[in-house]
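The values are calculated or read from the model by the stated rules, or taken from the named source; none is laboratory data. Everything quoted here is computed from the prediction, not taken from an experiment. Positions of Cβ are generated from backbone atoms using ideal geometry, with glycine treated the same way; all protein chains shown enter the neighbour counts. Surface areas here come from the heavy atoms of the whole protein model, side chains and all, with no ligands, DNA or RNA. Shrake-Rupley method; radii C 1.70, N 1.55, O 1.52, S 1.80 Å.
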Amino acid sequence: MEFSIKQSSPENQRSACVVLGVFEGGQLSPAAHILDQTSGHQLSDLIARGDMTGKTGTTVILQTLSGVTAERVLLVGLGKQDEFGAKQFREMLLATFAALKNTICKDAALYFTDLNVKDRDEAWKIQQIVLHAAESVYRSDKLKSKPADKPSLRRLLLGCAVKPANTAQTALHQASATAHGMKLAKDLGNLPGNICTPTYLAEQAQKIADEHKLKVTILEEKDMEKLGMHALLSVTRGSRQPAKLITLEYRGGDKKQKPIVLVGKGLTFDSGGISLKPSAEMDEMKYDMCGAASVLGTLQAVAEMALKLNVVAIIPSSENMPDGAASKPGDIVKSMAGITIEILNTDAEGRLILCDALTYAAKFEPETVIDIATLTGACVIALGGVASGLFSNQDALAHELFEAGNYSNDKAWHMPLWDEYQQQLDSNFADMQNIGGRAAGSVTAACFLSRFAKEYRWAHLDIAGTAWKSGKEKGSTGRPVPMLTRFLINRSNATK
Ligand code: BES
Ligand code: MN
Ligand code: ZN
């Protein structure tokens, strides 16, 4: 979808549809007030008749109003004016795009930036409009012989009463880069495991590198062997697909500036291995590479925004399959860090590929390392689909990510990494074991990773509950691309 923001008056706007807000009780938004006057009070009349109450999420479409250039006017209820906040703004956007979806409109002009939203600035409004619009037209139908009806909406104008400031143009550019990054993450996540293999992910990284002139490095299994990545390699043993360790480097900052490293779990299919998963909903384990997808989406967005930062993406990618060569419960392997690990459950494979990637990350002398992983079912039990699990060895970093999540409505909740949990990983035969029992499963998984991240500031996002939706709405969400891009935008603003 194409987005633009400019000064324009709603009554003269040449557009298939002009969209305006009405508060409960019939108060008109500033733009709606203007259009009411030029149309000879047709909006006030309609409200007086009771056809639009202004209740949050209600909509009315009007055709060919006199004194109005646009073919249609869509009125959207905003709820009570004194309660109008972030939540109401989002409800209003959901209703707007649901209504536009039922029309044949190819373009629309939204007059929402003049609405006062409690505690939120203009850049936030622009970001939310763009992300909701992109979400409403997203489809994953490339593999259907006959694609379903395509949504008609292609162009969106954000109309303003005054000439928008440069900051608004920047916000629009950043929001649309974020939407593109989310689309990439969703597309990759939704692809089946027989197409989206580690090799496929490596090709996609290469494509992003070519488009944005980034450095890309793909390590093969023989390279990993030389580096001593036996934890990572233990996961791919049962698979016919070669594992890859993908690195993408974006250098938009000062040469001397240390990079922020994003590490994404790239399990293109997790069957559990010899500790085989139950068959119900096992198809959803194609989504076990959503950490990797979010890292690629974020890096693409960073390049598109041309942020003045150095960002490195590291993606350990593999399948987890059972066969005669597969790792067995009880096997002991030595990680690149030299720590020996007893594999008590081959289904706890994410931490095995991530620990070697975290050791590898130190080579970039990172300022901060953030790993993103669909790591534990326990995190889904703890936080559901609302928030990602957030763990860190530094409270200030956790706070930054928490705030970035709140801003972009891509929430994370700070979970503990206290030492008391570490003993659950004690092994009788190796330095540690790869599972910590049922209690606090997402915490012990994070504790496992923390042992490989002692050298730098580190955070871990467990996105097992937030990366995709199950059931009738099955599909990748593109999360946590909004949180990560916001975090990086904040970082680049801070170094200006
Ligand atoms: N990829 C899964 C985690 C997962 C499970 C994400 C269900 C979303 C939904 C991960 O590799 C895994 O299998 N974890 C195990 C760990 C356990 C064996 C300690 C789990 O959560 O059951
Ligand atoms: Mn698993
Ligand atoms: Zn997994």
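Only one of ALA306, ALA293, ALA301 is within 16 Å of ligand 3 (Cβ to nearest atom) and at pLDDT 95 or above. Can you tell me which?
Among ALA306, ALA293, ALA301, only ALA293 is within 16 Å of ligand 3 (Cβ to nearest atom) and at pLDDT 95 or above.
From the list GLY350, GLY377, GLY389, which residue is in contact (Cβ under 8 Å) with a residue 60 or more places away in the chain, surrounded by fewer than 19 Cβ atoms within 10 Å (Cβ to Cβ) and within 16 Å of ligand 1 (Cβ to nearest atom)?
Details: GLY350 fails: surrounded by fewer than 19 Cβ atoms within 10 Å (Cβ to Cβ); GLY389 fails: surrounded by fewer than 19 Cβ atoms within 10 Å (Cβ to Cβ).
So the residue among GLY350, GLY377, GLY389 that is in contact (Cβ under 8 Å) with a residue 60 or more places away in the chain, surrounded by fewer than 19 Cβ atoms within 10 Å (Cβ to Cβ) and within 16 Å of ligand 1 (Cβ to nearest atom) is GLY377.
Every residue, every condition in (1) without any contact (Cβ under 8 Å) to a residue 60 or more places away in the chain; (2) over 34 Å from the mean Cα position of the chain (by Cα); (3) surrounded by fewer than 16 Cβ atoms within 10 Å (Cβ to Cβ), yes or no:
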position: THR38; (1), (2), (3): yes, yes, no
position: ASP51; (1), (2), (3): yes, yes, yes
position: THR58; (1), (2), (3): yes, no, no
position: LEU62; (1), (2), (3): yes, yes, no
position: SER66; (1), (2), (3): yes, yes, yes
position: PHE89; (1), (2), (3): yes, no, no
position: ASP107; (1), (2), (3): no, no, no
position: VAL117; (1), (2), (3): yes, no, no
position: GLN127; (1), (2), (3): no, no, no
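Do the conditions hold for ALA404, that is, is it closer than 30 Å to ARG90 by Cβ and buried (at least 21 other Cβ atoms within 10 Å of the Cβ)? Give the steps one after another, and end with the answer.
Details: closer than 30 Å to ARG90 by Cβ: yes; buried (at least 21 other Cβ atoms within 10 Å of the Cβ): yes.
Criteria met by ALA404.
The rows are residues; the columns are (1) open to solvent by 10 Å² or more (accessible area, probe 1.4 Å); (2) assigned by TED's automatic domain parsing to the domain that holds GLU220; (3) away from ligand 1 (no atom under 12 Å from the Cβ); (4) among the β-branched types (Val, Ile, Thr).
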site: LEU262; (1), (2), (3), (4): no, yes, yes, no
site: ASP270; (1), (2), (3), (4): no, yes, no, no
site: GLU281; (1), (2), (3), (4): yes, yes, no, no
site: ALA293; (1), (2), (3), (4): no, yes, yes, no
site: MET305; (1), (2), (3), (4): yes, yes, yes, no
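Please state which of the following conditions GLY338 fails to meet, knowing it meets all the rest: (1) open to solvent by 10 Å² or more (accessible area, probe 1.4 Å); (2) in a loop (DSSP other than H, G, I, E, B); (3) on the phi < 0 side of the Ramachandran plot.
Looking at each condition in turn, GLY338 falls short on (3).
Does any residue in segment 419-442 that is within 21 Å of VAL333 (Cβ to Cβ) and open to solvent by 30 Å² or more (accessible area, probe 1.4 Å) come within less than 9 Å, Cβ to Cβ, of a residue that is among the acidic types (Asp, Glu) and within 16 Å of ligand 2 (Cβ to nearest atom) six or more places away or on a different chain, and which pairs are these?
ILE435/ASP347
How about segment 443-490: which of its residues are more than 21 Å from LEU358 (Cα to Cα) and open to solvent by 40 Å² or more (accessible area, probe 1.4 Å)?
Answer for segment 443-490, where residues must be more than 21 Å from LEU358 (Cα to Cα) and open to solvent by 40 Å² or more (accessible area, probe 1.4 Å): LYS469, SER470, GLY471, LYS472, GLU473, LYS474, ARG479, ASN490.
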